[in-house]
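Enquirer: Shown below is the structure under consideration.
The numbers here are math on the coordinates, done by the rules we state, and not lab data. As the structure is a computational prediction, the values presented were derived from the model and not from experiment. In this analysis, Cβ positions are derived from the backbone assuming ideal geometry, glycine residues included, and neighbour counts consider all displayed protein chains.
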Amino acid sequence: MRTSWADSVSNSAAEIAISDKNSLPRPTRSTYVPPHLRSGSISDLSGPVSGTNGGSRWIGSDGGGTKPELRRQGQGNSYATAGRDNAGGGGGGGVRNNRSGGWDRREREVNPFGNDDKIDDIKQNFSEQENSGINFDAYEDIPVEVSGENVPPPVNTFAEIDLGEILNQNIRRCKYVKPTPVQRHAIPIALAGKDLMACAQTGSGKTAAFCFPIISGIMREPYAQRTRVGRTVYPLGLILSPTRELSCQIHDEAKKFSYQTGVKVVVAYGGAPINQQLRELERGVDILVATPGRLVDLLERARVSLQAIRYLALDEADRMLDMGFEPQIRKIVEQMNMPNRGVRQTMLFSATFPREIQRLASDFLSNHIFLAVGRVGSSTDLIVQRVEFVLESDKRSHLMDLLHAQRENGNHGKQALTLVFVETKKGADSLEHWLCMNGFPSTTIHGDRTQQILKRVVSAYPCPDSHRTWVSHTVT
Ligand SMILES: Nc1ncnc2c1ncn2[C@@H]1O[C@H](COP(=O)(O)OP(=O)(O)OP(=O)(O)O)[C@@H](O)[C@H]1O
């Protein structure tokens, strides 16, 4: 049985999972820092350290020479690793770094929790729904199907999963009390090093289900070092997602989960200038969250290499195929030097399981476990769907009736929020104007709005006094 990455690389630095046919210079033993020296600073390291790049934690020369030089991040901070069993149950949580670990010394890691950082102050008796609106009661009866060889048992609490103290603190900071069904099953499977095909609806907590094992795996790898050759970076984990919105959402969550772990997460997506993303990548990346098109661009510019990838997660794979990304995904996974399946660990998440996804699963996964949470392809039971046929000429007055009814009735004591989909951008702008004129503050989401405005609109959504109605011309 294949075990975790941590286990598979534990014997030798030379076993770092970079395929032989590829030319990435291998880390040499001389940069390995034995546990008793790990609390020292970078300057304590002996071996091939030839400078600290102006205070940066990259080790090696500045790459100004003609020959690209392997730059590697030293692990000059405390980095305790401990064995663990493969079912994700026992063993000690590895700690990759101390508080500043993994970050450029000039850069302070921004606290993604804002002022809500003090875990001591976090009351453990808050309502479970406070954070997310997840209704855990509704999850109790949810059907779960799991198949495959040696399936690790699900867990009921986060405490049963050996994620290490720092990750556990971040879980508490996120105010997650207990794992959602997909997390209960998927996290032990992934921590056991197994490939996973998971079918789960959107909003079911998938992000944590694949992020926790990836972050924890990277933290546990004694030889996993952040690598850069010239201007090419070599992430260890790759998360592919269909849209910039979802990528940003995953990035935001992953930054919370990886806070103070030393694991650095960077996002790259299309529809935004590439330069800022390039600069961010150059500062170092352990986990790259990316949309397929932008990643292909970065690979073709040789700014990212996939040779060192140990963990690959595809989120909303069915949506990526619906959006026509299959050629890019296949190029990324099959033609760009990524370690083969069975060498890397792959997790494929999809709400539906049509033939195209089954094909992708059989091409990308190795001896995988299949997990289905809820009825695959169905909409959630928490949403009531009602179809009403309305004449074109009556649409606006009908919408107005619905909005008035909603305003009067409220929604479980709260003012309701509304999302209206229309066919065109022009139609969205026109409806927004009309709604505002009629006393319903609204805003639009469509491709002509800049990323910055969209982000403002999206973050304003839960705010009670801002726009109550969104008008969108596409489902994103
Ligand atoms: N165990 C948990 N306890 C409480 N809240 C949680 C838990 N897991 C996830 N959440 C929250 O639930 C919400 C939905 O989770 P998440 O975004 O991971 O779902 P998802 O399935 O990835 O959805 P999407 O398909 O939109 O990415 C988020 O606000 C997240 O912070």
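Enquirer: Mind jotting down the distance between the C-alpha centroids of segment 303-331 and segment 242-284, whole Å?
Expert: Comparing the Cα centres of segment 242-284 and segment 303-331, I get a distance of 15 Å.
Enquirer: Sorted from fewest to most neighbouring beta carbons within 10 Å, what does the list 219, 437, 400 look like?
Expert: 437, 400, 219
Enquirer: Quick one: what are the phi-derived ³J(HN,Hα) couplings along segment 359-368, Karplus 6.51/-1.76/1.60 with θ = phi - 60°, whole Hz, x for glycine and proline?
Expert: 5, 4, 4, 6, 7, 9, 9, 10, 6, 8
Enquirer: Could you give the distance between the Cα centres of segment 152-166 and segment 201-237, to the whole Å?
Expert: 18 Å
Enquirer: Additional query: Arranged from highest to lowest average of other beta-carbon atoms within 10 Å per residue, in what order do the peptides 332-339, 390-397 appear?
Expert: Ranked from most to least packed, the peptides come out as 332-339, 390-397.
Enquirer: Still on this structure, please answer the following. Mind checking the full-extension length gain between residue 383 and residue 168? Use 0.36 nm per residue of separation minus the Cα-Cα distance, one decimal, nm.
Expert: Extending this stretch completely gives an extra 74.2 nm.
Enquirer: Can I ask one more? Evaluate the Debye formula for segment 184-289 with equal point scatterers sitting on the alpha carbons, no solvent, and hand back log10 of I(q)/I(0) at q = 0.18 Å⁻¹, in q order, two decimals.
Expert: Per q value, in the given order, log10 I(q)/I(0) is -0.93.
Enquirer: Just list whichever of 175/206; 194/256; 255/425; 178/264; 206/331; 206/426 have alpha carbons separated by over 23 Å in the model shown.
Expert: Among 175/206; 194/256; 255/425; 178/264; 206/331; 206/426, the Cα-Cα distance tops 23 Å for 194/256; 255/425; 178/264; 206/331; 206/426.
Enquirer: Still on this structure: Rank by packing, highest mean first: peptides 258-270, 191-203, with packing defined as the count of other Cβ atoms within 10 Å averaged across residues.
Expert: 258-270, 191-203
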